[in-house]
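Novice: If you scroll down you'll find the structure; I have some questions about it.
The values are calculated or read from the model by the stated rules, or taken from the named source; none is laboratory data. These numbers come from a predicted model, not from an experiment. Glycine gets a Cβ as well: all are built from the backbone with ideal geometry, and neighbour counts include every protein chain shown. These area figures cover heavy atoms from the full protein model, side chains too; ligands, DNA and RNA do not enter into them. Shrake-Rupley method; radii C 1.70, N 1.55, O 1.52, S 1.80 Å.
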Amino acid sequence: MEHISMRLPGNLEELVECLEEADENTGLISGGTDFVIQLRQRKLYSGTIIDLSRVEELRFIKEDGNNLRIGAATTLTEVSENELIKKYVPALAQAAGQVGSTQIRNRGTIAGNIGNASPCADTVPPLMAFDALLKVINGKGKIVEKTLDEVVFGSGRNNLKSDEVIIEIVIPKLNDNYISAFEKLGSRKAVTISKINGAVVVKYNSDKNIIEDARVFLGALGPKAFRSQCGEKALIDRAPTQAVLNDFCHALINQVDTAIGGRSSQAYKREAIKGIAHDIFNKLFESVVPGGDS
Amino acid sequence: MKDNFKYVGKSIARHDVKEKVTGKIKYVGDMKLDGMLYAKMLLSEVPHANIVSINTSKAEALPGVVRVFTEKDVPKNYYNSHKWYKGSEFPRDELILSEKARYVGDRIAAVVAKDMATVERALGLIEVEYEELPVIASIDNSMKEDSIKIHEDGNLAFEKALKCGDAESIIEEGKLVCEDVITTPKQHHAAMEPHVCLAAEDYSGNIIIWTPCQVVFQVQLIVAEALGMPLDNIRVIKAAMGGSFGGKGQPILEPICAFLAKETGAPVRLVTDRTQSIIGTRSRNASKIRVKTAVDKDGNIIARDINADVDIGAYYTNGSAVTMAMGKKVFRMYKIKNQTFKGRSYFTNTLVGGACRGYGSPQIHAATEINIDNVARALDMDPVELRLKNLVHPYDKDPIGGPDLGNARIIDCVERGMKLFEWEKKRNRPKDDGRFVRGVGMACATHGNGYHGAFPDFITMSLRITNDNKLILKSAIHDLGCGTVTTIKQIVAEVLDIHPDNIIAHQGDTALSPYDSAGTQASRVTFVCGGCAKKTAEIAKEQLISKSAEVLGCFVEDIALKDGLIWNDKDKDRKFTYGEMIVMIQNNFEEDIEVTHTYRSPANPGVYAANFVEVEVDTYNGLVRVLDVLAVHDIGQAINRGFVEGQIQGGAHMSIGFALTEEIKIDEKGKVGTQNFSKYHIVNAPDMPNVRVELIEEEDDNGPFGAKSVGEVCAVAAAPAIINAINYALDVNITSLPATPEKIIRALNERNNK
């Protein structure tokens, strides 16, 4: 009779051994908050499941020279509460802290949120905005670095081969001039799937009061999160004023129109993105522009 | 609140709270009988289709599968699951398994196997070939003349008008008339426990059913009709209930579970998951209601014309009753001399309607109370002032001949609420013009107290005082989580002046409980069953006193009774517990005290509520936060204060969801978009406001200790109050529930483009 076999690697070496034998009927489980549901929905009754949750080496957050490194099996709660992340990658801490419910964040892992490749995955826009890289190991033990854009195909699919697994997320540390923020909009305050999410990283020169660089990424407006260059243009080389906020807002509205023009959700999302734009802008510059926009 | 009560009005913990919080209580999903088999249904994935064939061979070949059942296997005994007593008749169009798919969620097949994993697997191996038919997914399409007929007699299932005076001609005369068309969605009950049932055949061929249900005698009746068995060969035992809200009112799983147990000869537990519970059980009926209200310039309502079209889904069930329940309410809140209500119930290829907390009241009040605010807006009058001019007064009559309104205290509710809420101050403050806009709104609601005046409404209870100093009350009550058992115990305790811990109140079991005509529905339990408990306890008390006088050799007038002790007041040194007295009665006279009493409900007064709310709308994304809810309730007398407050908190929660987020989304092709809680959003803790509860306790003349119902009326007024607050804050007129962010943004855009 068909059956599902569980593999329980205890370290990276054993994980590679498991991957070596992996085929298209092999699944990866870590927190299981997405995988278990899919297992039931797809009515999978045979194959192999590799459980990553016992590989202690995959669970860490550390500072390493110019980078922050996050182990793949680090939970979203751990990411959201970590002081290093809060200091260097606040947008990611904010995003991880808003995924699903407390229970989901306590189980779900950062690599799972990426690999699941949901269009509305909350950690993806900030990671993209920070130019994070993913370390991927394969069944031969070879480790390569890939961008999120390379790994995430979108609409629930990723580009990883059946013997590949994300083991680490590497985020470049930006200097003190960089500030970042994340916002999401769902149909309620908490425990909600994003209808829109966005992350912005800016290089802000406080002496000159000027935004010297900006990276803007939006999610849930297509198969996967993407960069909004028009959003960036509205910010770069300008001072964070009300006028700039208005331009930023309009840029994002245009971005929504381009991304989902003609879809039934366009009418709502092109308005609602105003809230995202304002909230992100205010988070970024609340110390600079007191009160921001009411 | 009166302070001369000892147990009534107090917050006493529910009888099974320890077992619930420690996980000791056994729900049906936890029960396991020797040799028990597991079962689940295959529900239709298509909204309307003839079933060409069902191939079960692969499923049946799976090791562990006992049998797969389809429509070919079930008796062709059509039934209507809404029917709750013999002698009533409603169109019968349901079968244990359907011969045709009439909605996404229709019962197509059932698998019985040795374990749950095998059941799930086998369900995936059943091959159904459908011949798809045109789909009617809305009221508008259902009423089109050339629409395909879902049932032989056409898509208009029911229509009836109720009227007093002559509203039509007055409205035509051209007074100030305010017209709105309000739509409300299908709502899921969202009980924590999805539907579940366990049935087993005993050694003599009787079927025993354990079910979290609302009416054991209705389950017995429907199972008997569906299986073609004599009533008394079926025993129904009410099991621990993990929430119902009306959803477990009609027997849905019980007939099929009993059938599976009978056919397999083994105990069978039939379960549903959340998706099946959303798409395949019952829902609040969707509605489209047109309200035209004519007023004079002073704000007196002179006529109202209401047209309610109700989407009852694919099977009849309570399609007539729920529409009539809507109609009756509109004559019982405002004094309107000329009023017409026309109700029509339509079949659609969507989820079947059934009882859902409020039973038509949330829909009809959403319509009429939103309209009342629009009347006030047209008159430039405060909506509270408009209401106060028109609301009913205590002891008003029902203008269409329904039961008297009794001590109807809606005006007290509104006046008290207005003051506590600081209505005038909040309503008249300058409007916000930034991103976040606050606003206040209010609405009223009314509901009934049972079936008196419409259907048989009586219950029999039996109370025995034991020689171990206990009072055992036998009756077909069902605690749905509201605290019914404890409420009834408090009533008996008050009458007999004994602590409720000495009282044992068993719940419904058709083999052991005296008969009850209607079960736990229609907001009748405290009023009718509580009334019976009180009367039964009073008769027992009389008997106890008179027999004690014989035992003690004194006059009846000398007998004193307090705190569970009884004595001759002229011999105060010798006090006896009731148990000790019963021992003497038994041994001296070979007598006993066991009282059986049948109580007929004497009345059906209105209960009333006024809710005041404050909301804050994010005008950028349309999200609404409810900041404050004040619920003022006319309840006669709280029997258990904590339960009453709990009911009102929970009712407000359900009503906030109805206003803002809850909707079973069914597209024009009949597909259900909200198949689990990731898409169907009930209001969760971060979004739930504090609900302030204020009770108006002016005794009802007929309720036990003056008590009236609360469990349904509390789930009605918050929704229209919220919509009214949004409409006022934004100066828009949203008339479609729920007021989702998308609808709010659309309304704002329309307003801005004017």
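Novice: Taking segment B:641-673, which residues are in contact with a helix residue (DSSP H, G or I) (Cβ under 8 Å, 6 or more places away or on another chain), assigned to a helix (DSSP H, G or I) and either surrounded by fewer than 21 Cβ atoms within 10 Å (Cβ to Cβ) or aliphatic (A, V, I, L, M) (or both)?
Specialist: Of everything in segment B:641-673, those that are in contact with a helix residue (DSSP H, G or I) (Cβ under 8 Å, 6 or more places away or on another chain), assigned to a helix (DSSP H, G or I) and either surrounded by fewer than 21 Cβ atoms within 10 Å (Cβ to Cβ) or aliphatic (A, V, I, L, M) (or both) turn out to be B:I648, B:G650, B:A652, B:M654, B:I656, B:A659, B:L660.
Novice: A further question follows. crowded, with 23+ Cβ neighbours inside 10 Å, more than 14 Å from chain A (Cβ to nearest Cβ), hydrophobic (A, V, I, L, M, F, W, C) and out of contact with any strand residue (DSSP E or B) (no Cβ under 8 Å at 6 or more places or on another chain), is that true of B:I410?
Specialist: So B:I410 fails the test.
Novice: State all residues of segment A:79-108 that are open to solvent by 10 Å² or more (accessible area, probe 1.4 Å), touching a strand residue (DSSP E or B) at 6+ places or on another chain (Cβ under 7 Å) and closer than 16 Å to A:S53 by Cα; if no residue qualifies, say none.
Specialist: Answer for segment A:79-108, where residues must be open to solvent by 10 Å² or more (accessible area, probe 1.4 Å), touching a strand residue (DSSP E or B) at 6+ places or on another chain (Cβ under 7 Å) and closer than 16 Å to A:S53 by Cα: A:R105, A:N106, A:R107.
Novice: Determine whether B:L695 is in contact (Cβ under 8 Å) with a residue 24 or more places away in the chain, open to solvent by less than 40 Å² (accessible area, probe 1.4 Å) and within 14 Å of chain A (Cβ to nearest Cβ).
Specialist: Criteria not met by B:L695.
Novice: In addition: Answer with yes or no whether B:A286 is farther than 16 Å from B:P185 by Cβ and not β-branched (V, I, T).
Specialist: Criteria not met by B:A286.
Novice: Confirm whether B:V528 is closer than 30 Å to B:H393 by Cα, in the same structural domain as B:G636 (by TED's automatic domain parsing), among the hydrophobic types (A, V, I, L, M, F, W, C) and in contact with an Asp or Glu (Cβ under 7 Å, 6 or more places away or on another chain).
Specialist: no
Novice: Another one. Of all residues in segment B:586-615, how many are outside any strand (DSSP E or B), over 26 Å from the mean Cα position of the chain (by Cα) and touching a residue at least 40 places away in the same chain (Cβ under 8 Å)?
Specialist: Total meeting the criteria: 5.
Novice: Output the residues belonging to segment A:150-179 that are in a loop (DSSP other than H, G, I, E, B) and not polar (S, T, N, Q).
Specialist: Scanning segment A:150-179 gives A:G156, A:L160, A:K161, A:D163, A:E164, A:K173, A:L174, A:D176.
Novice: What residue, among those in segment A:36-64 that are among the β-branched types (V, I, T) and away from chain B (no Cβ under 11 Å), is farthest from A:T75 (Cα to Cα)?
Specialist: A:T48
Novice: Which residue out of B:G401, B:G434, B:G439, B:G417 is open to solvent by less than 50 Å² (accessible area, probe 1.4 Å), assigned by TED's automatic domain parsing to the domain that holds B:G703 and either of a type in the set (D, E) or over 30 Å from B:N621 (Cβ atoms) (or both)?
Specialist: B:G417
Novice: Got a sec? Which of B:P689, B:P720 is under 26 Å from B:G622 (Cα atoms), at pLDDT 95 or above, within 24 Å of the chain's Cα centre (by Cα) and open to solvent by 10 Å² or more (accessible area, probe 1.4 Å)?
Specialist: Answer to the check: B:P689.
Novice: Given the options A:I179, A:I166, A:I210, A:I196, name the one that is closer than 28 Å to A:V36 by Cβ and more than 14 Å from chain B (Cβ to nearest Cβ).
Specialist: None of the other options fit; the residue is A:I166.
Novice: Could you tell me which of the residues B:K40, B:K72, B:K58 is closer than 30 Å to B:V219 by Cβ and surrounded by fewer than 21 Cβ atoms within 10 Å (Cβ to Cβ)?
Specialist: After applying the criteria, what remains is B:K72.
Novice: Now for a different question. Across segment A:38-89, which residue is nearest to A:E20 (Cα to Cα) among those that are out of contact with any helix residue (DSSP H, G or I) (no Cβ under 6 Å at 6 or more places or on another chain), part of a helix (DSSP H, G or I) and among the basic types (K, R)?
Specialist: A:R54
Novice: Here is a check on your reading of the model: is B:R600 open to solvent by 30 Å² or more (accessible area, probe 1.4 Å), touching an Asp or Glu at 6+ places or on another chain (Cβ under 9 Å) and more than 14 Å from chain A (Cβ to nearest Cβ)?
Specialist: yes
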